[in-house]
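Shown next, in structure tokens, is the structure this report addresses.
The values are calculated or read from the model by the stated rules, or taken from the named source; none is laboratory data. Just so it is clear, the model here is predicted, and its values are computed rather than measured. As a convention, Cβ positions derive from the backbone with ideal geometry for all residues, glycine included, and neighbour counts pool all protein chains shown. Calculation scope for accessible area: heavy atoms of the full protein, side chains included, ligands and nucleic acids excluded. Shrake-Rupley method; radii C 1.70, N 1.55, O 1.52, S 1.80 Å.
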Number of protein chains: 2
Amino acid sequence: MVFKIAIDAAGGDLGPSAVLFGIEDFLKSNKDQLHFTLFGDENEILPLLSQTPYLQKCSTLHHSPNKIDRDSTLLNAIRKSAKTSMGLAVSSVAKKENQAVISCGETGIFMALSKMHIKTFSDIDRPALPGFFPALKGKTLMMDLGANIECTPNRLVQFALMASSYASILLKKENPTIALLNIGTEDAKGDDVLREAAIMFENHPDINYKGFVEGSDILKGRIDIIITDGFTGNIALKTIEGAAEFVYKILSNFFASSIRGKLSYFVARPILKKVFKILDQRTYNGAPFLGLKGIAVKSHGNSDAKAFAHAVELTVNLIKEKLPERIQAKLGENK
Amino acid sequence: MVFKIAIDAAGGDLGPSAVLFGIEDFLKSNKDQLHFTLFGDENEILPLLSQTPYLQKCSTLHHSPNKIDRDSTLLNAIRKSAKTSMGLAVSSVAKKENQAVISCGETGIFMALSKMHIKTFSDIDRPALPGFFPALKGKTLMMDLGANIECTPNRLVQFALMASSYASILLKKENPTIALLNIGTEDAKGDDVLREAAIMFENHPDINYKGFVEGSDILKGRIDIIITDGFTGNIALKTIEGAAEFVYKILSNFFASSIRGKLSYFVARPILKKVFKILDQRTYNGAPFLGLKGIAVKSHGNSDAKAFAHAVELTVNLIKEKLPERIQAKLGENK
């Protein structure tokens with residue numbers, strides 16, 4: 001069976017080369033039968049394809065020179081998006097020409113287009129964006145990371161059910177533990193939405209609820225899944241990215257600033273490299289919008305080839321594991 | 001002139017010893033004339049005082065064995081708080097017996113008691129909690145860190161004015177730069193409150209507004225002050241604490257897990273220690289509730305002696321610099 005993936009080759013900060021070289025890297029060790037449809041400007045993509053022989057063999061190019069106007073409002077961008085590389089890539093999934101789409105483009109627009117064309121399951125108002133974080137023990141899945149700014153308690157329950165399906169694929173764990181992100185662990189903490197959600201989680205047969213957790217728990221790994229609204233999740237995500245970058249830079253500065261530092265770095269390098277690899281968000285790049293009837297994977301806006309390769313690997317995994325069907329089943333059981 | 005400080009000696013997770021040894025540490029290098037009134041259980045405190053000779057010389061003990069019941073609801077705790085060490089310490093400031101109070105107790109209760117007894121300025125509904133973070137360039141002040149879960153645009157403006165007064169003392173900078181924490185830098189990002197606040201900040205003569213920033217900007221230091229509601233600020237604060245702890249633990253694990261690791265640590269130790277010192281939140285411990293007519297400094301619940309010493313140093317500084325008067329002046333100019 002051939003897995004077919006639509007690629008928005010224009011979306012990222014680094015342009016099509018990161019995207020194409022990323023797929024190429026992935027293909028070097030891939031064993032599945034894959035086909036990629038590349039949506040983008042042929043003037044940019046054709047020269048790159050000659051440098052990516054694996055990809056060239058298993059891809060077609062759909063010339064689509066129009067790009068999302070990142071300066072326009074969300075509404076305008078969506079209105080004008082039908083003919084852009086992102087819009088065409090997304091609608092190819094809606095038309096069943098491809099089984100999944102990957103884009104590094106603006107999250108809000110990509111989500112809106114995915115919702116408009118691919119559609120969400122009937123109970124789902126808007127899809128949500130999950131993300132994995134490294135933790136002291138295993139990995140933690142957090143959701144939503146930015147798609148849904150304001151959430152009702154009921155929406156947080158949907159997030160928990162969908163995240164649970166997703167985590168069962170990626171963590172290979174049935175009945176993963178779930179917590180709600182709050183500013184304290186006591187029952188009275190947080191706003192009405194969180195307190196009401198806590199009661200619903202507690203009483204839900206399909207949610208293995210463990211209570212409130214705080215920002216300091218995200219990287220501990222005591223809990224498999226942390227549920228939060230998209231505003232808070234996005235703040236936490238980017239705060240972690242910033243903290244990792246901060247540590248990396250001050251370590252680098254100290255190591256570079258003296259002879260002893262340089263010697264220390266030389267000796268400690270293998271260990272530091274392992275640590276930075278764990279902190280490197282590129283290893284965790286790529287996340288599907290959950291709640292869609294198809295697979296749309298958001299890759300980070302500044303994805304380099306390594307990061308994009310990871311998003312491709314994830315996408316293939318999600319196609320194989322039939323992510324949307326699993327989520328539909330989970331939501332269906334809980335009507 | 002003698003600066004008089006009330007100490008809630010019972011509040012922290014580590015009990016009175018961290019508090020008393022912290023003050024003792026501070027006193028060893030202090031040059032000001034200080035007097036401490038210690039509120040707590042004499043059975044716990046008297047044995048410790050014999051081990052803290054500097055503090056013994058400049059303190060009186062106010063026997064107050066009742067502690068805040070951390071398991072009761074906020075409302076109950078406040079109701080029963082008058083006779084607790086925290087309640088008595090706070091009201092001693094309201095009665096002008098002391099110029100400031102420090103507590104490691106529960107933030108919500110400490111703030112409620114401070115508001116009830118010390119009172120806020122007329123425009124201020126609830127005080128707010130600021131905090132400094134280490135940054136690649138200088139330090140960043142973020143506020144609110146947990147006192148005000150939901151905020152109107154107008155309240156965020158008050159935060160900006162108060163944080164600006166506070167930062168001008170601690171950063172020695174007039175007209176510090178100010179940004180709003182959001183999930184993107186574009187004008188359309190965030191909810192109505194943030195977008196409305198942005199317009200008010202932009203047009204305010206006393207706010208040196210630089211736009212929206214994201215979680216990844218907190219530790220960059222491009223901006224002096226980042227304003228946010230207390231829920232988001234608390235999530236970001238604890239996420240940074242968790243990330244620092246995470247890095248510390250994985251580095252330690254890797255260094256301890258092999259001979260090469262141990263050798264590397266031995267060589268790199270001086271540099272790693274400098275880095276961990278920067279990451280160590282204890283260096284930044286202590287923050288006043290801004291908007292109060294007096295000085296009430298919240299010390300972290302798990303403050304050790306070193307952290308508490310920092311909170312004492314900060315408190316003395318704020319008394320000297322007349323923090324409440326400065327904030328009143330700033331708010332008064334902007335009526």
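Some observations on this one:
- With Cα atoms as the point set, the radius of gyration and Dmax of the range A:40-176 evaluate to 17.7, 51 Å.
- Calculated log₁₀ intensity ratio I(q)/I(0) where the Debye formula runs over C-alpha points of the protein assembly as shown, q = 0.11 Å⁻¹: -1.15
- Backbone phi angles across the range A:109-123, fed through the Karplus curve with coefficients 6.51, -1.76 and 1.60 (θ = phi - 60°), yield HN-Hα couplings of 6, 4, 5, 4, 5, 5, 5, 5, 8, 7, 6, 9, 5, 4, 7 Hz in residue order; Gly and Pro are listed as x.
- Exposed GluC sites (Glu not before Pro) absent - longest run of chain A, DSSP non-H/G/I/E/B, at most 16 other C-beta within 10 Å: A:187-320
- Part-to-part distance (alpha-carbon centres) for the range B:252-284 and the range B:99-127, which is given in Å: 39 Å
- The range B:43-201: relative contact order as a whole-number percent, Cα under 8 Å and 6+ apart: 12 percent
- For the range A:124-252, diffusion coefficient by Stokes-Einstein and Kirkwood Rh (Cα), 4 °C, 1.567 mPa s, µm²/s: 88 µm²/s
- C-alpha center-to-center spacing [the range A:144-177, the range B:132-153] in angstrom: 29 Å
- Which listed pairs, of A:Lys220/B:Lys249; A:Lys96/A:Lys119; A:Lys67/B:Lys210, have C-alpha distances above 22 Å, in listed order: A:Lys67/B:Lys210
- Rounded to 0.05, the FRET efficiency of the A:Thr185 and A:Lys83 pair, given R0 = 60 Å and the Cβ-Cβ distance, is 0.75.
- Basic side chains Lys and Arg get +1 at the Cβ, acidic Asp and Glu get -1 at the Cβ, and with that the dipole of the protein assembly as shown about its Cα centre reaches some 1800 debye.
- The protein assembly as shown - share of DSSP beta bridges that are antiparallel (%, nearest 5): 20 percent
- Amide H contacts of B:Leu145: B:Leu129, each under 5 Å away and 5 or more positions distant or on a separate chain (H built 1.01 Å from N in the peptide plane; Pro and chain starts excluded).
- Using a cutoff of 8 angstrom between alpha carbon atoms and counting only pairs six or more residues apart, the relative contact order for chain A works out to 23 percent.
- The charge dipole of chain A, taken about the Cα centre with unit charges on the Cβ atoms of Lys, Arg (+1) and Asp, Glu (-1), comes to about 1000 debye, rounded to the nearest 20.
- Stretchable slack from B:Val2 to B:Asp192, in nm (0.36 nm times residue separation minus alpha-carbon distance): 63.6 nm
- Each label was represented as a point 7 Å from its Cα along the Cα-to-Cβ direction; for A:Lys28 and A:Glu150 these points are 4.9 nm apart.
- Helix-only [θ]222 nm of the protein assembly as shown, DSSP H runs n ≥ 4, -39500 (n - 2.57) each, per residue, nearest 500: -15000 deg cm²/dmol
- Summed residue charge, Cβ within 13 Å of A:Lys220's Cβ, Lys/Arg positive, Asp/Glu negative: +1
- Using a 1.4 Å probe over protein heavy atoms, the accessible area lost on pairing B with A, summed over both chains, comes to approximately 4700 Å².
- When the pairs B:Lys274/B:Lys330; B:Lys115/B:Lys330; B:Lys28/B:Lys95 are compared against a 31 Å limit on Cα-Cα distance, B:Lys274/B:Lys330 fall above it.
- The range A:1-34: trypsin sites (Lys or Arg not before Pro) in DSSP loop, at most 16 other beta carbons within 10 Å: A:Lys31
- The modelled label-to-label distance between A:Thr283 and B:Asn203, using points 7 Å beyond Cα along the C-beta direction, is 5.0 nm.
- Virtual spin-label span in nm between A:Glu245 and A:Lys67, 7 Å along Cα→Cβ: 2.0 nm
- Efficiency of FRET between A:Ser50 and A:Met116 - r from beta-carbon atoms, R0 25 angstrom, step 0.05: 0.10
- Using the Cβ-Cβ distance between B:Lys173 and B:His35 with R0 set to 30 Å, the FRET efficiency from 1/(1 + (r/R0)^6) comes to roughly 0.45.
- In Å, descending, principal axis extents of the Cα set of the range B:121-188: 32, 32, 21
- Loop-located trypsin sites (Lys or Arg not before Pro) across the range B:92-152 with a Cβ neighbour count of 16 or fewer within 10 Å are B:Lys95, B:Lys96, B:Lys119, B:Lys137, with loop assigned by DSSP.
- Entries of A:Lys57/A:Lys320; B:Lys31/B:Lys139; A:Lys298/B:Lys173 with Cα pairs more than 31 Å apart: A:Lys298/B:Lys173
- DSSP bridge orientation in chain A - percent antiparallel, rounded to nearest 5: 20 percent
- Size descriptor for chain B, Kirkwood hydrodynamic radius: 20.8 Å (Cα pairs only, one decimal).
- Spatial separation of Cα centroids for the range A:17-94 and the range A:200-231, in angstrom: 36 Å
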